[in-house]
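See structure below.
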Amino acid sequence: MKPILLQGHERSITQIKYNREGDLLFSVAKDPIANVWYSVNGERLGTYNGHTGAVWCVDVDWDTKNVLTGSADNSCRLWDCETGKQLALLETSSAVRTCGFDFSGNIIMFSTDKQMGYQCYLNYFDLRDPQQIEDNQPYLSVPCSESKITSAVWGPLGEFVIAGHENGEINQFSAKSGEVLKKAKEHTKQINDIQSSVDLTMVITASKDCTAKLFDSTTLDHIKTFKTERPVNSSAISPIMDHVVMGGGQEAMEVTTTSTRIGKFEARFFHAAYEEEFGRVKGHFGPINCVAFHPDGKSYSSGGEDGYVRIHYFDPHYFDFELEA
């Protein structure tokens, strides 16, 4: 399994995202540039230039027409995927932490950080209404007073957003009324990442409490738990196998205080049903900040604190692998 190394960022990677077909991979980092790559050979297709601060999140709509990025420069930007032209600039009063298109690609959501005296808000815009964009007025803005949103994804059918919070809670926020539909608190510490399964029936959360957990997206019933001994920064569900990949490592600021032995920064593979770890992939020279499966399940990518994105194509025997129960 020889990885393809993507070198396009000067600072640590914050998020990577495949489009629905999986031919493109989008990466954003703590530098102001958003990159798009061909996933098959790691060639860079282009960049989206315009942000002036670290970019925290990226999303692409289902027909790969538009790209959405949220940044610490207090803005959320909409781009034309093909040309790299900026289509809309939504300014906020604090950093944009998460962003996402709903399944139709018509409605976007993004959440802002609680900082500099501003509260954390979850904002919904309808892209079909140019007035909302022009006036920078979301049709719905939900304040999150208790604990700020650290990660979020759209639920199935675009009815609500599933958000993970700093205190370990998961909430469903309705996209129509903004009210909290369901709540779950299974994690004890901050949720670093939420990703949905390919059919949107499940979500997996990665938390600082050293676990990743699988939830039903509609009921928020807790299904499975995957335990490790260090904080989990990101986790993803395989679209074709009952597998889960997790990436983690220490906090960036604590890296210098531990031993220099490489090998703690592996991507770990767990069986989704048995909750057993069955494999690890070494590679990054620092904590893995984000992982993503290719939509066809034949490869996965990881982005690290070292500023590299690695695309790993699985060996043939991975697909025949059966866990001994």
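Shape descriptor for the chain: Rg over Rh equals 0.94 (Cα atoms; Rh from the Kirkwood inverse mean 1/r). For region 157-258, the list of GluC sites (Glu not before Pro) that fall in a loop by DSSP and count at most 11 other C-beta atoms within 10 angstrom reads Glu179, Glu229.
Once you charge only the Cβ atoms, +1 for Lys and Arg and -1 for Asp and Glu, what is the size of the charge dipole of the chain about its Cα centre, to the nearest 20 debye? Write down the numbers at each step before the final one.
On the way: 30 positive and 44 negative charges, 143 e Å.
Computed about the Cα centre, the dipole is about 680 debye.
Taking all protein chains together and rolling a 1.4 Å probe, Ser75 ends up with roughly 0 Å² accessible.
Report, in debye and to the nearest 20, how large the dipole of region 194-246 comes out about its Cα centre when Lys and Arg carry +1 and Asp and Glu carry -1 on their Cβ. The partial results should precede the final answer.
On the way: 5 positive and 6 negative charges, 47 e Å.
Charge dipole, region 194-246, about its Cα centre: 220 debye, nearest 20.
In cubic angstrom, how much convex hull volume per residue do the alpha carbon atoms of region 72-224 span? It is 118 Å³ per residue. For the chain, with all protein chains present and a 1.4 Å probe, just round the carbon and sulfur fraction of the accessible area to a whole percent. Carbon and sulfur atoms account for 49 percent of the accessible area of the chain.
Using the structure shown, list the pairs from Lys185/Lys213; Lys30/Lys227; Lys148/Lys183 with a Cα-Cα distance above 18 Å, or answer none.
Values: Lys185/Lys213 11 Å; Lys30/Lys227 28 Å; Lys148/Lys183 15 Å.
Checking Cα-Cα distances, Lys30/Lys227 exceed 18 Å.
Straight Cα distances below 16 angstrom link Lys176 to none of the lysines, with same-chain residues fewer than 8 positions distant left out. Using a probe of 1.4 Å on the protein chains alone, the accessible area found for Met109 is around 0 Å². Alpha-carbon geometry of region 146-245: the Rg and the Dmax are 12.4, 40 Å, given in that order.
Report the relative contact order of the chain, percent, no decimals, based on alpha-carbon pairs under 8 angstrom and at least 6 residues apart.
Working: 935 pairs, mean separation 43.5, N = 325.
Relative contact order of the chain: 13 percent.
From the P(r) of region 266-325, could you give the percentage of C-alpha pairs in the tail past 19 Å? Considering region 266-325, 34 percent of its Cα-Cα pairs are separated by more than 19 Å. Using the alpha carbons alone, the radius of gyration of region 29-89 stands to its Kirkwood radius in an Rg to Rh ratio of 0.95. Estimated at the nearest 10 Å², the accessible area of Lys227 is 150 Å² with a 1.4 Å probe. From helices alone, the chain scores -500 deg cm²/dmol at 222 nm; the rule is -39500 (n - 2.57) for each run of n ≥ 4 DSSP H residues, then divide by the residue total.
Largest first, the extents of the alpha carbon coordinates of region 1-158 on the three principal axes equal 46, 31, 28 Å.
Given a cut-off of under 8 Å on Cα pairs at least six residues apart, what relative contact order in percent is computed for region 20-88?
On the way: 147 pairs, mean separation 16.3, N = 69.
Normalised by residue count, the contact order of region 20-88 is 24 percent.
Around the Cα centre of region 25-113, unit charges on the Cβ atoms of Lys, Arg, Asp and Glu (plus for the first two, minus for the last two) sum to a dipole of about 140 debye. From the alpha carbon centroid of region 55-71 to that of region 1-51 is 12 Å.
Using a cut-off of under 15 Å, list every residue of region 274-300 whose amide N is near the label point 7 Å from the Cα of Asp242 along the Cα-to-beta-carbon line. Inside the label zone: 274-278.
The values are calculated or read from the model by the stated rules, or taken from the named source; none is laboratory data. Values in this document were obtained by computation on a predicted structure and should not be read as measured data. Positions of Cβ are generated from backbone atoms using ideal geometry, with glycine treated the same way; all protein chains shown enter the neighbour counts. Accessible surface is based on the protein model in full, side chains and every heavy atom, while ligands, DNA and RNA are left aside. Shrake-Rupley method; radii C 1.70, N 1.55, O 1.52, S 1.80 Å.
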